[in-house]
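Colleague: Got a structure for you, questions after.
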Amino acid sequence: MAKKKTNRKKAKSQGGSAMQWLILVLILAVIAVAAFIAYQYSNKENPVKDSVNDSVLFGKTWVSHSDGAMLTVDELGNYTLDFPSVETTEPWKGQITLQGDNIIISLENHRNLCNEGSGTFSYSIVGKELEIKVLKDNCKIRRERLSGKWFLL
């Protein structure tokens, strides 16, 4: 009978060991999930661009931080720029085209304002913020109106 008691103690110690392993595995799984979530969150802080149709820029309306102008870009890159003031009654209309990491912006109506063709701009999107920077544009008013920070409406 003494041997049976010894066997029972061994069985209990083996069960405890299995429980410790299970707890260790669960703790490691929780750490791995937390690391994955932290990695995903940190990647969202970086500028995101989609090389296929740049859906992060197209199909959205952006509002200028500086003057409240609204830049609406459809899925094809056609844009309308509406101004909140009474100075400009007719919105600007034009085309935004992707060229590598840059965008080419043309003004189709109001050619009297910008008869200089199109301008080349860089852009970045972080979260719900768009920043447009002029790279090359001979049209002063287009440079001034489009350069700056915009937020997603």
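The values are calculated or read from the model by the stated rules, or taken from the named source; none is laboratory data. Predicted model, so just to flag it, every value in this text is computed and none were measured. Cβ atoms come from the backbone with ideal geometry, glycine included; neighbour counts cover every protein chain shown.
Colleague: Tell me which residues, restricted to segment 115-131, are touching a strand residue (DSSP E or B) at 6+ places or on another chain (Cβ under 9 Å) and outside any loop (DSSP other than H, G, I, E, B).
Modeller: Selection gives S118, G119, T120, F121, S122, Y123, S124, I125, E129, L130, E131.
Colleague: Can you tell me which residue in segment 73-109 is modelled with the lowest pLDDT, limited to those that are surrounded by 14 or more Cβ atoms within 10 Å (Cβ to Cβ) and touching a Pro at 6+ places or on another chain (Cβ under 9 Å)?
Modeller: Across segment 73-109, the extreme among qualifying residues is F83.
Yes/no per residue for (1) closer than 14 Å to L57 by Cα; (2) not polar (S, T, N, Q):
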| site | (1), (2) |
| --- | --- |
| N78 | yes, no |
| D82 | no, yes |
| E90 | no, yes |
| G94 | no, yes |
| I103 | yes, yes |
| T120 | no, no |
| S124 | yes, no |
| K128 | yes, yes |
| V134 | no, yes |
